[in-house]
1. Report the FRET efficiency, 1/(1 + (r/R0)^6), for A106 and I62, where r is their Cβ-Cβ distance and R0 is 25 Å, rounded to 0.05.
2. Pick from T128, T80, T14: which is most flexible by mean-square fluctuation in a GNM of the chain where alpha carbon atoms under 10 Å apart are linked?
3. Counting only protein heavy atoms and a 1.4 Å probe, tell me what percentage of the chain's accessible area is made up of carbon and sulfur.
4. Which one is right for this structure if Rg and Dmax of the Cα atoms in Å is calculated from it: (1) 26.5, 87; (2) 16.6, 51; (3) 21.0, 76?
5. Label-point separation (nm) for I134 and L20, each offset 7 Å from Cα along Cα-to-Cβ?
6. Enter the accessible area per residue of the chain (Å², integer; probe 1.4 Å; all protein chains in place).
7. Among I62, I49, I11, which one moves the most in a GNM of the chain with springs linking Cα atoms closer than 10 Å?
8. How much accessible area does L122 have with a 1.4 Å probe, in Å² rounded to the nearest 10?
Amino acid sequence: MIRRRLSDVAIQVTGMSALLVALALVTWSVNSNFLSAYSLQTLSRDGAILALFALGQGIVIISGGIDLSVGSLVCFIGLTTMLLLSPASGRGWPLAAVLPLALAVAALIGTLQGLFVSRLNLQPFMVTLCSLLIFRSVARGLTGDTTVSFRPSDL
């Protein structure tokens, strides 16, 4: 009889899955609404969005790079998009104009970061760290360092 040993990856996946199930059961025992349809839908939607960001970041890391500015750039682009859409800010631009503009600005920023790294031979860690600080500071300045929310009903 040949005994087959589990690979390290299988052990890690099994361990993480067991921890996830245990965490879900503990959370459910504390809050019975945790496994409601609305909660599961929200978790799935938020998890899918984070998985897309993680996929992009994974590709960067696998290729030997690093990008520390992703969260701050998402915050900055999201905030400026929200401010441009909001009629309360005195702007109220149409969604069809704001979304392409937001994507173009994000692509331009990514291109500039890439040019700094590839053409000027700057370290990716430093370029993205500086971008993180710049975009986070600008976002905090735009909001007056307060929490801002967006209600689609305002459109």
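1. Here the calculated transfer efficiency is 0.70.
2. Highest fluctuation of the listed residues: T14.
3. Summing carbon and sulfur atoms, their accessible area is 70 percent of the total for the chain.
4. (3)
5. So the label points at I134 and L20 sit 3.7 nm apart.
6. With all protein chains present, the chain gives 75 Å² per residue.
7. Comparing I62, I49, I11 in the GNM, the peak value goes to I11.
8. 80
The values are calculated or read from the model by the stated rules, or taken from the named source; none is laboratory data. Values in this document were obtained by computation on a predicted structure and should not be read as measured data. Cβ coordinates were reconstructed from backbone atoms using ideal geometry, including for glycine residues, and neighbour counts include every protein chain displayed. Note: areas computed on protein heavy atoms with side chains; ligands, DNA, RNA excluded. Shrake-Rupley method; radii C 1.70, N 1.55, O 1.52, S 1.80 Å.
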